[in-house]
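Visitor: Before I ask anything, here is the structure I am working with.
The values are calculated or read from the model by the stated rules, or taken from the named source; none is laboratory data. Just so we're clear, the structure is a prediction, and the values are computed from it rather than from any experiment. Heads up, the Cβs are rebuilt from the backbone with ideal geometry, glycines too, and the neighbour counts pull from every protein chain shown. Only protein heavy atoms, including side chains, enter the accessible area calculation; ligands, DNA and RNA are left aside. Shrake-Rupley method; radii C 1.70, N 1.55, O 1.52, S 1.80 Å.
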Amino acid sequence: MLARVLSAAVTGIEASPVSVEVDVTPGLPAFNMVGLPDSTIRESRDRVRSAIRNAGYTFPMERITVSLAPADLRKEGAAFDLPIAIGILAATGLVKSETLQRFLLIGELSLDGQVQAVRGVLSIALAGRREGLAGLVLPPSNAREGAVVSGLTIIPVRSLSEAVEWLAGERTIEPSLAMPTVPESLESMDEVDFSEVRGQAHAKRALEIAAAGGHNVLMIGPPGAGKTMLARRLPTILPPLSQEEAIEVSAVWSVVGLLPPHGGLLTVRPFRAPHHTISDGGLIGGGSVPHPGEVSLAHLGVLFLDEMPEFPQHVLEVLRQPLEDGSVVVTRAVGSSRFPARFQLVGAANPCRRGCPTLQACLCTPGERERYLARLSRPLLDRIDLHLEVPAVSYSELSEGPTGEPSAAIRERVLRARRIQAERFRKSTIRCNARMSTNQVRRFCPIPADGRKLLALAIERLGLSARGHDRILKVARTIADLEGRETIAREHLSEAIQYRGLDRWL
């Protein structure tokens, strides 16, 4: 007898519907699976057999063939355990329900028949809504994650027997309801705060500009100057995630399996800080079946690269595409996957290889210092809008300096600037000044008459490229937005030019 159960496979961060077809026919006992299953799915034969028996049902001692259609789509993971088990029971006549054609089933089975959590539920729920299905049957641990997608009925089942009884109409299960995804108080979620930073007024001003316009930042200073401390507080002044943005970010984290247990959407912008020994595949994504990397996990958040010159140069160079396009395309023999990667890059570096506190105390030669910073290529630096010098903090600032401005106050100014940009780009797909195209720079960043000579001199002295020229104008536009000015003034250009410090050194 033939049975068909609906499920889904996740490729990259997108899910595609999969029809699990089960045929049970007389013959020598066998359990065959076709349709490009990976080793995890092939191992499900043992899990499904034990789960069916331990749940109190009879496993058919006949020839069983399971087909995962479409056959040319690679499938991986243990999420097909539940639909395969239900398909076998349906093929033997134990489960007879039209619900199988309206609900999508996913879940891993333990040997005693319990349904375990799986990855990628958010992407699967979005695919189910796109296909016009009524809902999902899934593990309780994934219920809140699936419930954030409106228009679907989410049925959490704890065990195989519970799923069978619900499909047969012998058990009533209350659908899971979506929980609020945006926190009522942002201040209560800030584990760190800018008020804890003493001194570094120049760096805090630059990070406020970066947050207001979505700009990339590179900080250069001696060890202990507070570069990491500043970087970790940047997310606290960024605008909160909207519902649409929260779904985008959570879909990536769901595929990787990093969403909190029993959680729904991420409510705060991600902050990722990979070690400098990371590979290029770990940074942008990879694997025989492509999976997201750190740049995608930092989507709509912050990617912090501490000791940036210590990263292998070929690893840093792969950042060019995501910094420019806001996405990554990973191609393998099994196909291509596109991952979102619209993040803010924050880099930190010492002024020399030894990390000397001052230039006077530095034991490195000028050539050694130049070679150390030259590991950051000019094309990469061109894509970083703000270059900051972060000096060591004096004892008086540490012991007697005033308490810094709290993140909440800075965030209010950032939000006002972002609202101006939202109105400016209301007919576009971009959200902040840093993402402006060349045509938009010409339209929204007119150079004041008294600023043309200043900009021309800066380009000549610093040797700026056309991209560097546009980056200065984007930063100047953000500074004007923070002041509520409709046009860019000479002082805005002057401040933006001062944030190109490395162009003077390299």
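Visitor: Do the sum for the chain: with -39,500 (n - 2.57) for every DSSP H run of n ≥ 4, divided by all residues, what is the mean residue ellipticity at 222 nm, to the nearest 500 deg cm²/dmol?
Guide: -10500 deg cm²/dmol
Visitor: Which Cys residues of the chain have no other Cys Cβ less than 4.7 Å away and so no disulfide-compatible partner by this rule?
Guide: C432, C445 - these cysteines have no disulfide-compatible partner (Cβ-Cβ under 4.7 Å) in the chain.
Visitor: Let me ask something additional. Would you please give the residues with an amide H less than 5 Å from that of T11, counting only those at least 5 places away or on a separate chain, with H modeled from the backbone geometry?
Guide: Close amide H contacts, sequence-distant or interchain: S16.
Visitor: Give me the lysines in straight-line cross-link reach of K474: C-alpha distance below 25 Å, same-chain residues under 8 apart excluded.
Guide: K204, K227, K427, K453
Visitor: Could you work out how far helix 466-482 tilts from the main Cα principal axis of the chain, as a 0 to 90 degree angle to the nearest 10?
Guide: 90
Visitor: Over all directions, average the projected area of the Cα convex hull of region 376-429 and note it in nm².
Guide: Orientation-averaged projected area of the Cα hull: 6.7 nm².
Visitor: Same structure again: For a quick check of understanding: with a 1.4 angstrom probe and all protein chains in place, what accessible area in square angstrom does D306 have, to the nearest ten?
Guide: 50
Visitor: Charges on Cβ only, +1 for Lys and Arg, -1 for Asp and Glu, centred on the Cα centroid of the chain; of S39, S407, G93, which one is farthest towards the dipole's positive end?
Guide: Positive-end residue among those listed: S407.
Visitor: Next question, about the same structure. Using a cut-off of 10 Å between beta-carbons, work out the net charge of the residues near L259 (Lys and Arg +1, Asp and Glu -1, L259 not included).
Guide: Local net charge: +1.
Visitor: For P(r) over Cα pairs in 20 Å bins from 0, in percent, the listed values are (i) 22, 56, 22, 0; (ii) 21, 46, 26, 6, 1; (iii) 21, 44, 25, 9, 0; which was obtained by calculation from the structure presented?
Guide: Entry (iii).
Visitor: So for each of 32-39, 446-453, 344-351 I average, over its residues, the number of other beta carbons within 10 Å; can you give me the resulting order with the highest mean first?
Guide: Working: 32-39: 15.1, 446-453: 13.5, 344-351: 24.6.
Result, highest mean first: 344-351, 32-39, 446-453.
Visitor: Also, I was wondering about something else. Find out how many positive minus negative residues lie around Q101, taking Lys and Arg as positive, Asp and Glu as negative, among other residues whose Cβ is under 13 Å from that of Q101. If you can, show how the numbers build up before the last one.
Guide: Values: positive: R4, K96, R102; negative: E21, E98, E131.
Once all neighbours under 13 Å are counted, the net charge is 0.
Visitor: By how many degrees, 0 to 90 and rounded to 10, does the Cα axis of helix 407-424 deviate from the longest principal axis of the chain?
Guide: Relative to the chain, helix 407-424 is tipped by roughly 80 degrees.
Visitor: Still on this structure: How much length is gained on full extension from S399 to R42, taking 0.36 nm per residue of separation minus their Cα-Cα distance?
Guide: Numbers: separation 357, 0.36 × 357 = 128.52 nm, distance 6.32 nm.
Contour length minus the Cα-Cα distance gives 122.2 nm.
Visitor: Translational diffusion coefficient, Stokes-Einstein: compute it for region 324-450 using the Kirkwood radius over C-alpha pairs as Rh, at 10 °C and 1.306 mPa s, and state it as an integer in µm² s⁻¹.
Guide: Rounded to a whole number, D works out at 81 µm²/s.
Visitor: Apply the Karplus curve 6.51 cos²θ - 1.76 cosθ + 1.60, θ = phi - 60°, to the phi angles in region 349-354 and return the couplings in whole Hz, x for Gly and Pro.
Guide: Those phi angles translate into 8, 7, x, 8, 5, 7 Hz.
Visitor: What is the sum of charges, Lys and Arg at +1 and Asp and Glu at -1, for the other residues whose Cβ falls under 13 Å from the Cβ of C356?
Guide: +2
Visitor: Run the 1.4 Å probe and let me know the accessible area of S161, rounded to the nearest 10 Å².
Guide: Counting only protein heavy atoms, S161 exposes about 30 Å² to solvent.
Visitor: Same structure again: In whole percent, how big is the carbon plus sulfur part of the accessible area of the chain, probe 1.4 Å, protein atoms only?
Guide: C and S atoms contribute 51 percent here.
Visitor: Return the lysines within reach of K96: Cα separation strictly under 30 angstrom, same-chain partners fewer than 8 residues apart disregarded; answer none if there are no such residues.
Guide: K75
Visitor: Now a separate question. Roll a 1.4 Å probe over the protein chains and send me the accessible area per residue for the chain in Å².
Guide: With the other protein chains kept in place, the chain gives 43 Å² per residue.
Visitor: Provide the three semi-axes, in whole Å and in decreasing order, of the ellipsoid equivalent to region 270-313 as defined by the square roots of 5 times the Cα gyration tensor eigenvalues.
Guide: Semi-axes from the Cα gyration tensor: 17, 15, 6 Å.
Visitor: How far is helix 201-213 tilted off the main Cα axis of the chain, in degrees rounded to 10, range 0 to 90?
Guide: Here the helix axis deviates by roughly 50 degrees.
Visitor: Which of G355, A466, V390 sits closest to the plus end of the dipole of region 355-506, meaning its Cα is farthest towards the positive end, when Lys and Arg get +1 and Asp and Glu get -1 on the C-beta?
Guide: A466
Visitor: If you place +1 on the Cβ of every Lys and Arg, -1 on the Cβ of every Asp and Glu, and leave all else neutral, what size is the dipole of the chain about its Cα centre, to the nearest 20 Debye?
Guide: 1400
Visitor: Report the trypsin sites (Lys or Arg not before Pro) located in region 85-184 that are in a DSSP loop and have at most 13 other Cβ atoms inside 10 Å of their Cβ, or state none.
Guide: K96, R102, R171
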